[in-house]
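Before any comments, here is the structure.
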Amino acid sequence: AQSVSQHNHHVILSEAASLELGCNYSYGGTVNLFWYVQYPGQHLQLLLKYFSGDPLVKGIKGFEAEFIKSKFSFNLRKPSVQWSDTAEYFCAPPQTGGFKTIFGAGTRLFVKA
Amino acid sequence: KAGVTQTPRYLIKTRGQQVTLSCSPISGHRSVSWYQQTPGQGLQFLFEYFSETQRNKGNFPGRFSGRQFSNSRSEMNVSTLELGDSALYLCASSQDRGSTDTQYFGPGTRLTVL
């Protein structure tokens, strides 16, 4: 069965620290990968997505993610976090079986000012 | 364009009752998906509708059902509520729900079952 694993459930960083959130998935077919973010009190929204081409994808607010096919990973990165990046981040790996979306368990990021 | 709207935003029910939640997708979007979000289980897929047809269903009991109308608006129904049904129910719409489509989420309906 399709699965996704987000390694870090809670992350606490100071402003200006670098961020990397892990996401591993199990699937061997066509790869379409997403990261969504939920800021406190706001809707879940798309952060970035990868379909094909350059495996390094840039999203909103300075976030990027790298697709590494050999490792089945799609880790999210940001060189320097800000207090406003405090949010919950969800990895959503390939969708199969008729449009059934699987989300990771989420990572709660808290950035200290 | 107006975003995805969900009504009501908050709901309190007691065990055994039933509840209906409503979702209006972004204009032009034909696909609507429903999710249950809880602290312990995260985001779990309930079902997805496209052009009034259920295209896929998650692993939830039959007490959870849904439908979609010709204007793409969708409703979700939960019968015989249990305490464990307390959650944030999210609706998401997308244009055609292909594997590359972005889902646009509503604010959710917070359901509390007493």
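The values are calculated or read from the model by the stated rules, or taken from the named source; none is laboratory data. Just so it is clear, the model here is predicted, and its values are computed rather than measured. Cβ atoms come from the backbone with ideal geometry, glycine included; neighbour counts cover every protein chain shown. These accessible areas exclude ligands, DNA and RNA; they are computed on the full protein's heavy atoms, side chains included. Shrake-Rupley method; radii C 1.70, N 1.55, O 1.52, S 1.80 Å.
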Residues of the range B:64-114 satisfying the condition of being in contact with a strand residue (DSSP E or B) (Cβ under 6 Å, 6 or more places away or on another chain) and without any contact (Cβ under 8 Å) to a residue 24 or more places away in the chain: B:Phe64, B:Ser65, B:Arg67, B:Thr102
Quick check on the range B:18-36. Is at least one of its residues more than 14 Å from every other protein chain (Cβ to nearest Cβ), among the aliphatic types (A, V, I, L, M), touching a residue at least 60 places away in the same chain (Cβ under 8 Å) and open to solvent by less than 40 Å² (accessible area, probe 1.4 Å)? yes
Name every residue in the range B:52-63 that is touching a residue at least 12 places away in the same chain (Cβ under 8 Å) and either under 16 Å from B:Ser27 (Cα atoms) or touching a Gly at 6+ places or on another chain (Cβ under 6 Å) (or both), in order of residue number. B:Glu52, B:Arg55
Tell me, which strands (runs of 3 or more DSSP E) wholly within the range A:5-80 include 2 or more residues that are in contact (Cβ under 8 Å) with a residue 24 or more places away in the chain and either touching a Lys or Arg at 6+ places or on another chain (Cβ under 7 Å) or of a type in the set (S, T, N, Q) (or both)? A:10-14, A:19-21, A:23-26, A:33-38, A:73-78
B:Gly84 in a helix (DSSP H, G or I) and of a type outside the set (Val, Ile, Thr): yes
